[in-house]
Amino acid sequence: YDEVDVSTIVETLSGGTLKLEAEFQNITKTFETKIQSIAAHRSQFARAENEERLRDYAQQMAKLANMPEGELAERLWRVC
């Protein structure tokens, strides 16, 4: 996936008055529920097409958050 520089986008749109702070949420226990919810939208998403990609992303976010190996995370942005 291509990394989006969200901070630059927010700075540009706000004229530099807003900043973003990354926060990470552990989603290890709720990942399966998330996948099932996404898969419920069968006309838009196929589970087989998305699960591996979403798991890889969640593993990358957990690594960024310095979580233990095997944990999954989601990154949220707090506007400051």
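For the chain, what does the accessible surface come to per residue with a 1.4 Å probe? Please give it in Å². Display every interim value, and only then the final one.
Values: 6100 Å² over 80 residues.
Value for the chain: 76 Å² per residue.
Separation of the stretch 7-42 and the stretch 65-80 by C-alpha centroid, Å?
Cα centroid to Cα centroid, the span is 10 Å.
As a test of reading the structure, rank V10, V4 by solvent-accessible area (1.4 Å probe, protein chains only), most first.
If we order V10, V4 from most to least accessible, we get V4, V10.
Out of the chain, which GluC sites (Glu not before Pro) are coil in DSSP terms and have no more than 13 other C-beta atoms within 10 Å?
Answer in residue order: E3, E69.
At a Cα cut-off below 20 Å, give the aspartates and glutamates reachable from K29, other chains included and same-chain residues fewer than 8 away excluded.
Result set, ordered by chain and number: E51, E52, D56, E69, E71, E74.
Compute the relative contact order of the chain as a whole-number percentage, counting only Cα pairs closer than 8 Å that sit 6 or more residues apart in sequence.
After rounding, I find 40 percent.
Just the Kirkwood number for the chain, please: inverse of mean 1/r across all distinct Cα pairs, in Å, one decimal.
14.2
The values are calculated or read from the model by the stated rules, or taken from the named source; none is laboratory data. These numbers come from a predicted model, not from an experiment. Cβ: placed from backbone, ideal geometry, glycine included. Neighbour counts: every protein chain shown. Keep in mind that these areas ignore ligands, DNA and RNA; they rest on the heavy atoms of the full protein, side chains included. Shrake-Rupley method; radii C 1.70, N 1.55, O 1.52, S 1.80 Å.
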